[in-house]
1. Quickly run through the stretch C:164-177 and pick out the residues that are surrounded by fewer than 24 Cβ atoms within 10 Å (Cβ to Cβ) and either under 12 Å from C:Val91 (Cβ atoms) or out of contact with any strand residue (DSSP E or B) (no Cβ under 8 Å at 6 or more places or on another chain) (or both).
2. C:Ala336 - would you say it is closer than 19 Å to C:Leu114 by Cα, in contact with a Leu (Cβ under 6 Å, 6 or more places away or on another chain) and in contact (Cβ under 8 Å) with a residue 12 or more places away in the chain?
3. Is it the case that the stretch C:71-82 has a residue that's under 27 Å from C:Asn202 (Cβ atoms), of a type in the set (Asp, Glu) and either at pLDDT 95 or above or surrounded by fewer than 24 Cβ atoms within 10 Å (Cβ to Cβ) (or both)?
4. Please list, ordered by residue number, the helices (runs of 4 or more DSSP H) wholly in the stretch C:233-347 having 2 or more residues that are touching a strand residue (DSSP E or B) at 6+ places or on another chain (Cβ under 7 Å).
5. Just for the stretch C:313-349: of the residues that are among the charged types (D, E, K, R) and farther than 26 Å from C:Ala57 by Cβ, which one is farthest from the other protein chains (Cβ to nearest Cβ)?
6. From the residues in the stretch C:30-45 that are more than 16 Å from C:Ile323 (Cα to Cα) and surrounded by 15 or more Cβ atoms within 10 Å (Cβ to Cβ), which one is nearest to the chain's Cα centre (by Cα)?
7. What number goes with the only condition from (1) assigned to a helix (DSSP H, G or I); (2) in contact (Cβ under 8 Å) with a residue 60 or more places away in the chain that B:Gln124 does not pass?
8. All but one of (1) facing chain B (nearest Cβ under 8 Å); (2) over 26 Å from C:Leu111 (Cα atoms) hold for C:Asp133; state the number of the condition that does not hold.
Amino acid sequence: MAQIIGLPKLSPTMEEGVLVKWNKKEGDKVSPGDLIAEVETDKANMDFNIEDDGVLLKFLVKEGDTVKLGAPVAIIGKAGEDVSALVAQAGSAPKAEAAKPAATPEVAPAAKPDAAPAAKPAAAPAPKPQPAQQKSAAAPPPAAAGGKLLASPLAKSLAIELGVDLRTIQGSGPGGRIVERDVRRATGNGHTDPSTAPAAQAAPAADDAAFDEPKTLVRAPRALANLPALSDHDYEDVPASNMRKRIAQRLTEAKRDVPHFYLQRSIDAAPLLAFRARLNELLGDRGPRVAEPSSASSPLKVSVNDLVVKAVALALRRVPECNASWEGDAIRRYTRVHVGIAVAIEDGLVTPVVRDADAKGIGAIAGEVRDLADRAKKRALKGHEITGSTFTVSNLGMLGIERFTAILNPPEAGILAVGAVLDVPVVQNGQVVAGKRMTVSMSCDHRVIDGALGARWLGVFADLIEKPESLAL
Amino acid sequence: MPVQSYRDALNHAMREEMDRDPNVFIMGEEVGHYNGAYKVTQGLLQRFSERRVIDAPIAEMGFAGVGIGAAMVGLRPIIEFMTFNFSLVAIDQIVNNAAKIYQMSAGQFHVPIVFRGPGGPAVQVGSQHSQALESFYAHVPGLKVVMPSTALDAKGLLKSAIRDDNPVVFIEGETLYNTTWEVPDDGELLIPLGKGDIKREGSHVTLIAWSKMVWVCLEAAKELAKDGIECEVVDPRTLRPLDVDLLASSVQKTGRCVIVEIGWPVAGFGAEVAYQVQRLCMDALDAPIERVTSDDVPMPYAKNLEDEVQPQVRDVVAAVRRVLYLD
Amino acid sequence: MVAPVATSFSSRPTTPESARVEDDTADEPSATTAAELAPLYRQMLAIRRMEEASAKAYSQGKIGGFLHLIIGQEAVCVGAISTLQKDDYVVATYREHGHAYAKGVTSRAILAELYGKKTGCVKGLGGSMHIFDRETNFLGGYGIVGGHVPIAAGAAFAAKYRNDKRVTLCFFGDGASTIGGFAEGLALAALWKLPVVMICENNQYSMGTPLYRSVAVEDVSLRALAHGMARDRFDGDDVVKVKRRIADAVERARTTGEPTLIEVVTYRFRGHSMSDPGLYRTKDELEEWKRRDPLNRARARLVDTGMPEADIAALEDDVKAEIEDAVQFAESSPVADEYKKYVIKDGEG
């Protein structure tokens, strides 16, 4: 018996994903555990392994499509099975009630995925105002109804959040009530609730009269981006990726909700550079190579950042009060030290984690960081590799940044922003001499770390950097 | 993990607690030599003797009161009502005595007692034997009201109820006794009273239900999932105290709420749930909260009519579609 | 206006003679001594004075709600409870100030409770009808007629379960004899042979309805026969006799575990509650009963035992001072202030 396969939950916070690539073809036989596709989630590119036995009879989405969690992506069954009914079911999904009583044949073809670039939001035409069954379809825009605007509480708060003017929207709920889907449609962000997308899909099968409604009531920024001719603005809206949205949300929350304060310190980096040079000399060509074949050509070198990671980990071990997070009614102090490293990738950043960094040797850290960074750029990190850090290091020194402050990565209570090592004049024994200085800025969650405590931690950190041999102890 | 029936889970909960605490005893009609009208107390008489497994005559007011008096002076009775319909002749004891003695005595006496037995309509037993009385009891301050839906919850909640220092009305699902669930073999399996449980996660609509209606909601969720609609099924497990935080956090997430109960609509507990949800989730709601209840009639006997009266999967599906503006 | 139905069914005076227990030997006073009787008289007097002080405070608006006075019936609770040990339990009705006092609750705690004060025995949460005291094993005053009878059976059940030889006394009125709680509590006590003494204080009226218009068989103690239970029935105006007869039943309960149903014939001098105009009885009837006032009778017997009048007067002054102090205490105590604390008990026991 053929069945529909839905998009599985591949990360704890995933609500939708982009099907990046099919790893199988229609007609392929699959067994549980087979990798059938790659999916971009809000966190990373994840493997979509099938849990069923059978033949992939039909793909219901194309590569590049955004699919919400649980939505149909494929049909699996025995070779040669007739899947037309299931295709219809998948295509008409939440509009099934309309199709159910009569099993109207006209509905099915319209909703067939083959016929449906319509299923792809980016290419979807501006959704029509609710047709056919909506008792309120003919109702005037709510703003016109005696100036009283009818909208659900959620629609109102969402409109504020998304910057939508409710007066420009036609409500599709009872009595013309503006509901969530109407607001989302107005922003082209229609795929987060099931009443939106499928309803839009089913629209072609519905009463044509409704198509005559003026389209200007509903705007779809994604569509505008693809059709600049329709635009009378001198800007372009670039659709945000899942990762971009996630970053926007998390950093907004962090900066808004966490009381930040910042500590800066300039550290003598000359001993660190000398130490690093000696280490790399020792390593020579014998350094551990990164497992990834692509980087096998270059032997591993220890970077300043690797030493910083080690120093951060040791400092956290010595000042465990900073290896902690705010839990509302308690401070959670972590017994293990996991250092996150901010890595820039195309269109965003990820923070892979070096677990138990305090217990690892410098060489091991260097190898691990290189591997993680490489795979981060390929979006090949697994979920567990980007979660669970207890403190984060962000280093823009290699980009020439002298000093900067970073936004905390909740729930961590601290993040260290590392600037470049600069040649500067320093005063030594009353003489101005050439020196090397690195400026670091620590952002602290004041609920967990007070100024004196942060200063103590930074002191320990500076001491480790200035006496780098202690990193090897 | 071992799979256990709801009936056995209850039986083991009582057996373990009676092993643990010599002050725990069970009293009720047919609990001993008959092994329980629904066999929930099977084997307990053999294990604990007539001193602790006491067959009572048909006198619910009498033996409910005996339990309360014994509890006041330090015992921990489990009073079984053959069905909760019969608790109505003892309701004076439960409401006027059990629920109030702690207050009337300003804390000098408390009443650690469990009133348990099956509730909710069974199958074709007519109007006097087909009632959901949880709303009656949930109205009363001084009582706790527990409505387990699974064998796991039944065991963990009954053990907690027996250890609780307050009178607990523990209503079992009459049609759930044969249902099974994974239940760890753990003598300290305690589920706190007042903590709800998410029986299925989903993002589009929150279904709130307890006891048998959890199963109906799970069935409806399965059906709706075929249309891409993901229901979150939240089971408060105890109606009093009510885990409003859990209910609210789910509705905050989904923006839509359907409350399903097998009792009557007027002043049913779902109305209180709806009040709490709207109070805490006003700005998250995209549609009015829906309730699915039995029809407002005494239960008829004929099977087709009985089905008609009670909430069915199709009713839940229809309500979900309404809050999603799909119809 | 609809004419009252069936009130003319029967009408007869409820006099001491008509209520007299036929097989009783009431007129043969039990032998006693000043040492035994003086404390009983003192308790009866204190209850009388406390009830009078309550009535006065009620008329001044200092006590609210229902106030059911026991004046005229003091010999029953005092005589009965004097047979108990401290560990024994007492369960009573809403007319229970005297029972609580006899079990050891102080007049201060009782009056402060009636005044709705924080220092009351239940912190102003219960009032006149709901006196409880853990210290003296006074398991409460209950406001639903007959509903407490199964609870008394339950306390007795616990005593039997633990075999701790405690006895429970359960008090109720003749009005309770018609309700299910009494019937079921009695049936279970008899069936399971629970160490409880069920004491029906037959004060002739359930509120305003005389017993002969409430039940077909006026002898409430006969209910015991159907359960194969021991029974007794006697006049309750002699505190020493009450003590002797109840002691027999308490002894039976303590040694054999068996229950007894006892009907004590008595009379309340005041209305059912403070709002009772007493239209259901005549002044003559009331006066006739007052001539048998158990308090006067106890005092007379105390004189007979040879106790000097001066000692009796000193005892009476002492009581007067105690109640005046209790009133002063109640008046000056802080008002009740917490009502949310005692709804649900935290933790497990």
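The values are calculated or read from the model by the stated rules, or taken from the named source; none is laboratory data. The structure displayed is predicted, hence computed values, not measured ones. In this analysis, Cβ positions are derived from the backbone assuming ideal geometry, glycine residues included, and neighbour counts consider all displayed protein chains.
1. C:Asp164, C:Lys165
2. no
3. Yes, the conditions are met somewhere in the stretch C:71-82.
4. In the stretch C:233-347, C:239-256 are the helices (runs of 4 or more DSSP H) which contain 2 or more residues that are touching a strand residue (DSSP E or B) at 6+ places or on another chain (Cβ under 7 Å).
5. Within the stretch C:313-349, the match that is farthest from the other protein chains (Cβ to nearest Cβ) is C:Lys340.
6. C:Leu40
7. B:Gln124 satisfies every listed condition except (1).
8. (2) is the only condition that C:Asp133 fails.
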